Amino acid sequence: MKKIAILGSTGSIGTQTLEVVREQKDIQITALAAGSNITLLEEQIREFHPLLAAVWDEAQAKELRLRTADLHIRIVSGMDGLLEVAAEPQSEILVTAIVGMLGIRPTIAAIKSHKAIALANKETLVTAGHIIMPLARQHRVPILPVDSEHSAIFQSLQGEGGNRIAKIILTASGGPFRGKTREELCHIQVEEALKHPNWAMGKKITVDSATLVNKGLEVMEAKWLFGVEADQIQVTVHPQSVIHSAVEFEDGAVIAQLGTPDMRLPIQYALYYPKRRALSGGRLDLFALKSLTFEPPDQSTFRGLSLAFEAMGAGGNLPTVFNAANEKAVALFLDRKIAFLQIPDIIEACMRQAAFIKDPDVGQILDTEAEVYEFIESRW
């Protein structure tokens, strides 16, 4: 029986992880953490019987304790609660499915507790990859990517030993606004940005896909996961979302991973690596597809991607600035306080004014995030 804990159990990745658990029937949930959806969390607690659960707000934790008084479970809250879930003694794998830099400290705690990391929280590596990856090597903890693109790269590398990567081909659907001009994007509404053509995801990541900021975050994550530089990462728009990403080796061979757009596959692969298990759902039908198409991303219209490459090239705390500015800007857009095209404008403004720190520690990363938030709140 495999034992896992989940940070972000009520979100998109968390709920799909639990779908895998239901289907496979040989995984025990030892701990769950959620943000504020205590109704769904209570349902999950009653179904999966974890020993520990965490919510962010103590008042909600108190309410959840009352709701689950008939169960043998401990309810905790805040960052201390997330750290407890991350280091829960019985778990073997921590699925990090929470959104944002909130995942940094729990991921560190899990690594130090020798938990394998099934990583769906890309912001952790974007902002603290220089801390996380050496720490994982020190504690001999595997970082198993859950993002479909990074899982595809990881799968394509299996059996390749020390063969040198020449290039990573990171595919992108192009989002709902592929092919549109800046003029056409001037009056985009929230509802339009949330209509992704291929994937069902949370609101924040769906907007990130629409701006191509998500692909920029994935570029930065790929650098740390696979030990490559910016000039070894090629973003390719592939509207069908069938090739999830590929690796080109120095002899010119390209190995790709293909499949239907189903996040349960990379989740399950991370949980059972290196073994594969049967998984229900649709299968890829190449005859039905007939063709696969590819095009370069329009980085002049979707400036978030070019700004991500700039932040990655600068390094230090600039990726943190990029990530924090985007998080705040997307929240403002979802609240209808700014326009869609202002998202990259805000990111750029924050990057231009930030005080550069070459090798930030966790405290400096979190301080940078707070400073970015304060800068944005004072101007928008």
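Of all residues in the range 242-256, which are buried (at least 20 other Cβ atoms within 10 Å of the Cβ) and within 19 Å of the chain's Cα centre (by Cα)? First the steps, then the outcome.
Initially, the range 242-256 is screened for residues buried (at least 20 other Cβ atoms within 10 Å of the Cβ), giving 244-247.
Those that are buried (at least 20 other Cβ atoms within 10 Å of the Cβ) and within 19 Å of the chain's Cα centre (by Cα): His244, Ser245, Ala246.
On the given criteria, is Arg22 part of a helix (DSSP H, G or I) and without any contact (Cβ under 8 Å) to a residue 12 or more places away in the chain?
Considered against the rule, which asks whether it is part of a helix (DSSP H, G or I) and without any contact (Cβ under 8 Å) to a residue 12 or more places away in the chain, Arg22 comes out as yes.
So, of the residues in the range 79-91 that are of a type in the set (D, E, K, R) and out of contact with any Ser or Thr (no Cβ under 9 Å at 6 or more places or on another chain), which turns out to be surrounded by the fewest Cβ atoms within 10 Å (Cβ to Cβ)?
Checking each candidate, the answer is Asp80.
Name the strands (runs of 3 or more DSSP E) wholly within the range 72-142 that hold at least 3 residues that are among the aliphatic types (A, V, I, L, M)? First the steps, then the outcome.
On the way: elements: 74-77, 93-96, 116-119.
Hits in the range 72-142: 93-96, 116-119.
Residues checked against (1) within 21 Å of Gly315 (Cβ to Cβ); (2) not aromatic (Phe, Trp, Tyr); (3) not assigned by TED's automatic domain parsing to the domain that holds Gly161:
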{"residue": "Lys180", "(1), (2), (3)": "no, yes, no"}
{"residue": "Glu191", "(1), (2), (3)": "no, yes, no"}
{"residue": "Met201", "(1), (2), (3)": "no, yes, no"}
{"residue": "Lys204", "(1), (2), (3)": "no, yes, no"}
{"residue": "Glu218", "(1), (2), (3)": "yes, yes, no"}
{"residue": "Phe226", "(1), (2), (3)": "yes, no, no"}
{"residue": "Gln232", "(1), (2), (3)": "yes, yes, no"}
{"residue": "Thr236", "(1), (2), (3)": "no, yes, no"}
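For the range 204-231, which residues satisfy the criterion of being surrounded by fewer than 16 Cβ atoms within 10 Å (Cβ to Cβ) and either touching a strand residue (DSSP E or B) at 6+ places or on another chain (Cβ under 6 Å) or not hydrophobic (A, V, I, L, M, F, W, C) (or both)?
Within the range 204-231, the subset surrounded by fewer than 16 Cβ atoms within 10 Å (Cβ to Cβ) is 227, 229-231.
Within the range 204-231, Gly227, Glu229, Asp231 meet the criteria.
For the range 191-207, enumerate the residues that are within 21 Å of the chain's Cα centre (by Cα) and over 23 Å from Gln240 (Cβ atoms).
Lys203, Lys204
Residue under question is Ile98, and the condition is that it be touching a strand residue (DSSP E or B) at 6+ places or on another chain (Cβ under 8 Å), surrounded by 20 or more Cβ atoms within 10 Å (Cβ to Cβ), among the hydrophobic types (A, V, I, L, M, F, W, C) and at pLDDT 95 or above; does it hold? If you could, list the steps in order and put the result at the bottom.
Values: touching a strand residue (DSSP E or B) at 6+ places or on another chain (Cβ under 8 Å): yes; surrounded by 20 or more Cβ atoms within 10 Å (Cβ to Cβ): yes; among the hydrophobic types (A, V, I, L, M, F, W, C): yes; at pLDDT 95 or above: no.
So Ile98 fails the test.
Would you please name the residue that is surrounded by the most Cβ atoms within 10 Å (Cβ to Cβ), looking only at residues in the range 108-144 that are β-branched (Val, Ile, Thr) and under 21 Å from Ala308 (Cβ atoms)? Break it down into steps so the answer makes sense when it comes.
First pass over the range 108-144, keeping only residues β-branched (Val, Ile, Thr): 108, 111, 117, 124, 126-127, 131-132, 141, 143.
Checking which are under 21 Å from Ala308 (Cβ atoms) leaves us with 124, 126-127, 131-132, 143.
Working: Thr124: 27, Val126: 25, Thr127: 30, Ile131: 21, Ile132: 23, Ile143: 23.
Per the stated criteria, the residue is Thr127.
The values are calculated or read from the model by the stated rules, or taken from the named source; none is laboratory data. Remember, predicted model here, so these are calculated numbers, not experimental data. We place every Cβ from the backbone using ideal geometry, glycine too, and count neighbours over all the protein chains shown.
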